[in-house]
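K.L.:
Structure in structure tokens, see below.
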Amino acid sequence: MAGIWVTGDLHGTIDIKKLNKKNLMSNKFDFDGGKDQNFMIIAGDFGLIWDWHGESKEEKYWLDWLDSRPHTVLFVDGNHENFDILYSDKYPIVEWHGGKAQKIRENVIHLLRGEIYTILDKTFWTFGGASSHDIKDGVL
């Protein structure tokens, strides 16, 4: 059965373990539907593109792990991202489901702000970021 699941706030490796199979199964996540029929949207604070010198060993491990999942991982950036790297030319911009997106991995896709996507006959408009109580004078 096809589906779209939404979560948020991975904050890189801090909360990624919440995407374990036990939690997903308890939410009736379909592990057999295929990557083109199952989507997980991370609505802000993805945080796995952070290291200034390129992907750290830990970032690479988790990005590859997400890419290997039985679903496509989509994310909208939040206010806890390294925007200098995320919006650099490191990741190609592609047309994806009606909007522009960045391919981080084959099945890990950054949905760009202000774009409109159609996924499983549902329309999504993406926007990102917010004010944050933990940012003082513009510095995390």
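K.L.:
Among residues belonging to segment 28-60 that are farther than 21 Å from ASP9 by Cβ and in contact with a helix residue (DSSP H, G or I) (Cβ under 8 Å, 6 or more places away or on another chain), point out the one that is modelled with the lowest pLDDT.
P.N.:
PHE31
K.L.:
Are there any pairs, at least 6 apart or on different chains, whose C-beta atoms fall under 7 Å, with the first in segment 114-127 and among the β-branched types (Val, Ile, Thr) and the second in a loop (DSSP other than H, G, I, E, B) and surrounded by 12 or more Cβ atoms within 10 Å (Cβ to Cβ), and if so, which?
P.N.:
ILE116/GLY98; THR118/HIS97; THR118/GLY98; ILE119/HIS97; THR126/LEU112; THR126/ARG113; THR126/GLU115
K.L.:
Tell me which residues, restricted to segment 61-90, are modelled with pLDDT of 90 or more, open to solvent by less than 20 Å² (accessible area, probe 1.4 Å) and out of contact with any helix residue (DSSP H, G or I) (no Cβ under 9 Å at 6 or more places or on another chain).
P.N.:
Residues satisfying the conditions are LEU63, THR72, LEU74, PHE75, VAL76.
K.L.:
So which of MET1, MET25 is part of a loop (DSSP other than H, G, I, E, B), loosely packed, with under 14 Cβ neighbours inside 10 Å, among the aliphatic types (A, V, I, L, M) and modelled with pLDDT under 85?
P.N.:
After ruling out the rest, the residue left standing is MET1.
The values are calculated or read from the model by the stated rules, or taken from the named source; none is laboratory data. What you are looking at is a predicted structure, and each value in this text was computed from that prediction instead of being measured. Neighbour counts are summed over all protein chains in view; Cβ atoms, including those assigned to glycine, are modelled from backbone coordinates with ideal geometry. Each accessible area value is taken on the protein alone, full model and side chains, heavy atoms only, with ligands, DNA and RNA left out. Shrake-Rupley method; radii C 1.70, N 1.55, O 1.52, S 1.80 Å.
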